[in-house]
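K.L.:
Just passing along the structure, written as structure tokens.
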Amino acid sequence: MTNPELDSRLLQEVGNLKNLKSSRRVALVIQYLGTHFHGWQRQKGQRTVQEEIEKVLACIEKRPVTLYGAGRTDAGVHAAAQVAHFETTGSIPPEKWATVLNTQLPKDILVLASAQVDSRWHARFSALWRRYRYTIYTDSQPNLFVRPFAWHYYYAPLDSTKMQAALDPMIGKHDLTAFHRSNSGRAHSWVEVQAAKCVRASVCDSTDRKGAFIHIEIQANGFLYGMVRLLVGLLVQVGKGERSPAEFTQLWVNQRREEVKYAAPPNGLCLLRVGYPEFPFPPEVWFDNQPKFTFWQQTSLF
């Protein structure tokens, strides 16, 4: 005598095993404008990048799909080449997923490319480093086309040379508790900083005239919650002469978190790229896809 309930459960298990065997892991390179998102990570009652993409994936796959990202950007932060992966059991070729998703995603998300990866490859845990760029616009004249992507800071002149001098000692593995927000769930504050640059864009390559944009790029094996914005907020104090580069260094070396009070606004921050030992995408897809503001020069049209 058969047990209908047991038979149904066995059929379901067999079906799950078949799906598991036939599933493929697909990696995505994703751009998004963070202005109207409450960050990357799915949050109840909030519009997030992860949830928007997962909704489209679930509609196509006819089942819930989890999207795993390389990093969690905060509310208002942009991404030029975020990386994520998901499992598919459907018939869509991996390299076609970018086109399929872009027909259904909102206009502030764009999938640059898609490709199949090994089942052991993970968007977060396989990553060796992440790189962020922060843009500061220092001209006294506001600009509507710059506003969504830069901190308009014109209250005092900023010395980018001093700002770079403050960044230099950060290269290496350090406890950066001073730049770690207290409501983070991370157990420690150790970060290996691999690159830290602060450059003011010149008006053009043939002159030394100073431009209106300062670009700060930080590359590390991982980032603390709120780290870059807190770091830039303190770095601006160095640029305008309120702190010396040595004082900046002593503050984070001595973990004086209580003195780091101001975070730079989110709109100037962009997840620039993520590095992997094995990556199925060519550099032109992921390496430097945030257009960089290089100068602001008023010229006559005639």
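K.L.:
If I model a spin label at Cys59 and Gln46 as a point 7 Å from the Cα along the Cα→Cβ vector, what separation in nanometres do I get?
P.N.:
Going by the 7 Å Cα→Cβ label model, 2.3 nm.
K.L.:
What does the net charge come to around Glu95 if you take all other residues with beta carbon closer than 15 Å to its beta carbon, with K and R at +1 and D and E at -1?
P.N.:
+3
K.L.:
Another question, then. For the chain, what number of Lys pairs, 8 or more residues apart or on separate chains, have alpha-carbon atoms under 20 Å from each other?
P.N.:
Count of close lysine pairs: 17.
K.L.:
Let me ask something additional. Just to confirm, what accessible area per residue do you get for the chain at 1.4 Å probe, in whole Å²?
P.N.:
Counting only protein heavy atoms, the per-residue value for the chain is 54 Å².
K.L.:
Follow-up. Could you work out the relative contact order of the chain, using alpha carbon pairs under 8 angstrom and six or more residues apart, expressed as a whole percent?
P.N.:
Result for the chain is 22 percent.
K.L.:
If you place +1 on the Cβ of every Lys and Arg and -1 on the Cβ of every Asp and Glu, how big does the dipole about the Cα centre of the chain come out, in debye to the nearest 20?
P.N.:
That gives the chain a dipole magnitude of about 300 debye.
K.L.:
Take the alpha carbon gyration tensor of region 78-190, find the square roots of its eigenvalues, order them as a ≥ b ≥ c, and report rounded if a/c is under 1.5; if not, report prolate when a/b exceeds b/c, else oblate.
P.N.:
Here region 78-190 falls in the oblate category.
K.L.:
At 0.36 nm per residue, and after removing the present C-alpha to C-alpha distance, how many nm does the segment from Ser182 to Leu128 gain when stretched out fully?
P.N.:
Full extension from Ser182 to Leu128 adds 16.9 nm.
K.L.:
Carbon and sulfur together cover what percent of the accessible area of the chain at a 1.4 Å probe radius?
P.N.:
Its accessible area is 53 percent carbon and sulfur atoms.
K.L.:
Below 10 angstrom from the Cβ of Ala212, what's the summed charge of the other residues (Lys, Arg +1; Asp, Glu -1)?
P.N.:
Local net charge: +1.
K.L.:
What FRET efficiency would be calculated for the residue pair Asp139, Leu110, taking the C-beta separation as r and a Förster radius of 22 Å, to the nearest 0.05?
P.N.:
0.15
K.L.:
Going by the alpha-carbon gyration tensor, a ≥ b ≥ c the square roots of its eigenvalues, is region 228-288 rounded (a/c under 1.5) or, if a/c is not under 1.5, prolate (a/b greater than b/c) versus oblate?
P.N.:
prolate
K.L.:
For region 79-122 and region 164-183, compute the distance between their C-alpha centroids and round to whole Å.
P.N.:
Rounded to whole Å, the Cα centres lie 33 Å apart.
K.L.:
Here's a follow-up. Students often get this wrong, so try it: which of (i) 24.7; (ii) 21.2; (iii) 19.3 is Kirkwood radius over Cα pairs in Å as calculated from the structure shown?
P.N.:
Comparing each candidate, only (ii) matches the computed number.
K.L.:
Pulled fully out, how much extra length does the chain show between Arg24 and Val253, if you take 0.36 nm times their separation in residues and subtract their Cα-Cα distance?
P.N.:
Stretched out fully, the Arg24 to Val253 stretch lengthens by 77.9 nm.
K.L.:
Further question: Assign one of three labels to region 111-267, namely rounded, prolate or oblate, based on the Cα gyration tensor with a ≥ b ≥ c the square roots of its eigenvalues; rounded applies when a/c is under 1.5, prolate when it is not and a/b is larger than b/c, and oblate otherwise.
P.N.:
It is oblate, given that a/c is not under 1.5 and a/b is not larger than b/c.
K.L.:
Summing -39500 (n - 2.57) over the DSSP H runs of n ≥ 4 in the chain and dividing by its residue number, what mean residue ellipticity at 222 nm do you reach, to the nearest 500 deg cm²/dmol?
P.N.:
Counting only the DSSP helices, I get -7000 deg cm²/dmol.
K.L.:
Computed FRET efficiency, Cβ-Cβ of Asn221 and Asp118, R0 25 Å: what is it to the nearest 0.05?
P.N.:
Efficiency at R0 = 25 Å is approximately 0.70.
K.L.:
Mind checking which of Thr89, Pro280, Cys198 is farthest towards the positive end of the chain's charge dipole, using Cβ charges of +1 (Lys, Arg) and -1 (Asp, Glu) about the Cα centre?
P.N.:
After comparing all options, I get Thr89.
K.L.:
Grab the beta carbon distance between Ile92 and Asp175, set R0 = 51 Å, and tell me the FRET efficiency rounded to 0.05.
P.N.:
E(calc), rounded to 0.05, equals 0.65.
The values are calculated or read from the model by the stated rules, or taken from the named source; none is laboratory data. Please read these numbers as outputs of a predicted model, since none were measured by experiment. Here the Cβ is made from the backbone with ideal geometry for all residues, glycine too, and neighbour counts use every protein chain on show. When the accessible area is computed, the model is the full protein with side chains, heavy atoms only, and any ligands, DNA or RNA have been set aside. Shrake-Rupley method; radii C 1.70, N 1.55, O 1.52, S 1.80 Å.
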